[in-house]
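Accompanying notes for the structure given below.
The values are calculated or read from the model by the stated rules, or taken from the named source; none is laboratory data. Quick caveat, the model's predicted, so the values are computed rather than measured. All Cβ positions, glycine included, derive from the backbone under ideal geometry; neighbour counts span all protein chains shown. Each accessible area value is taken on the protein alone, full model and side chains, heavy atoms only, with ligands, DNA and RNA left out. Shrake-Rupley method; radii C 1.70, N 1.55, O 1.52, S 1.80 Å.
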Amino acid sequence: MDVLDELLAGTRAQDGVFNLTILDLPWALEIRDEAPLALAILIRGSGWITREGLEPQRMEQGDVAIVTGPEPYVVSDSLTTAPQLRIHPGGICEPLPGAPADYSARLGVRTYGARKSGEVMVASGTYQVAGDVNRRLVTALPPVLVVPAAEVAGSVMDMITSEIQRDAPGQQSVLDRWLDLALITTLRAWFARPDSHAPGWYQAQTDPVAGTALRLLHEDPAYPWNVTELADRVGISRASLARRFSAVVCEAPMSYLTGWRITLAADQLRSTRDTVETIARRVGYANAFALSVAFKRVRGVTPTAHRRAA
């Protein structure tokens, strides 16, 4: 069981909104798509990506940015250029005061700007994030991360310019799958960087001890695990497993398992009409009462209250 695969499974583009914006110097694009997870690619040109309260980050041609949370962000040629276009939810493009008159033109399918041969080309796409399992991935990411083109370059990124402007049958599905591939490619490149501060569950996957234990827990979270049996399955002592797992994952094995079980239960409470008793047994608790106690301790609310809020 690949933990990243499991966390990505529900983080899929479905009816993803895509925009291609073509601009001339000086340029600035404000994106207010309100998406929980978004992608921005500087296909042509160079500039900055900025967000209130964060340090600006430089973007060169081909670089990819992943943005988490609904707050707006700006991609621009300099830190002082005022935005000329604004992207709203649903991919609606609005010219702003001071923008050249021709920036209101639509150049084609999903494409806005002044002219197709403009000096700068920015592609943006959005994802919906459904459920607690997927939010576990999103919360592991910084609000804005930028991956250099050299680390994500390849056929996946080369497709974007032609695909985004096409209007062929099934094109939305093509773009959704492209967004999925682009996200996975970018995340793998980001987590592999020494400065990414990748979460413990990601770093553990290449560790022979912690990685093996982590995969066992994810393959069968409902099994009545304890540290002794987990250590036996991994083939080391109980103390060695506890020490190594805590060092790599930054959490004790049973504490990690509890958090994962509660995450799975929270997803099922939102997405199914199964009883709390059924969900409890499915994720590894003896009955509804045991799940309720653990859920309240971890989340601060009962399973029933969590379902009602959803």
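Numbers below:
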quantity	calculated
Condition check for residue 295: more than 23 Å from residue 209 (Cα to Cα), within 30 Å of the chain's Cα centre (by Cα) and aromatic (Phe, Trp, Tyr)	yes
Any pair with Cβ under 8 angstrom, 6 or more apart, that starts in the range 93-114 at a residue that is closer than 17 Å to residue 82 by Cα and modelled with pLDDT under 70 and ends at one that is hydroxyl-bearing (Ser, Thr, Tyr) and in a strand (DSSP E or B)	103/112
Residues that are surrounded by 14 or more Cβ atoms within 10 Å (Cβ to Cβ) and either touching a Cys at 6+ places or on another chain (Cβ under 9 Å) or under 19 Å from residue 294 (Cβ atoms) (or both), drawn from the range 224-248	225, 227, 230
Filtered residues of the range 20-52 (kept if more than 14 Å from residue 91 (Cα to Cα), open to solvent by 10 Å² or more (accessible area, probe 1.4 Å) and part of a loop (DSSP other than H, G, I, E, B))	24, 25, 26, 36, 45, 46, 51, 52
Boolean, residue 71 is open to solvent by 60 Å² or more (accessible area, probe 1.4 Å), acidic (Asp, Glu), under 16 Å from residue 28 (Cβ atoms) and at pLDDT 90 or above	no
Enumerated helices (runs of 4 or more DSSP H) restricted to the range 182-258, each holding at least 1 residues that are modelled with pLDDT under 90 and out of contact with any Asp or Glu (no Cβ under 7 Å at 6 or more places or on another chain)	200-203, 210-219, 238-249
In the range 124-140, residue surrounded by the fewest Cβ atoms within 10 Å (Cβ to Cβ) [restricted to those that are modelled with pLDDT of 75 or more, of a type in the set (Val, Ile, Thr) and not in a loop (DSSP other than H, G, I, E, B)]	138
Pair list, Cβ under 6 Å, 6 or more apart: the range 193-222 residue more than 15 Å from residue 140 (Cα to Cα), other residue of a type in the set (D, E, K, R) and open to solvent by less than 20 Å² (accessible area, probe 1.4 Å)	none
Positions within the range 53-68 being touching a residue at least 40 places away in the same chain (Cβ under 8 Å) and open to solvent by 30 Å² or more (accessible area, probe 1.4 Å), in sequence order	54, 57, 58, 60, 61
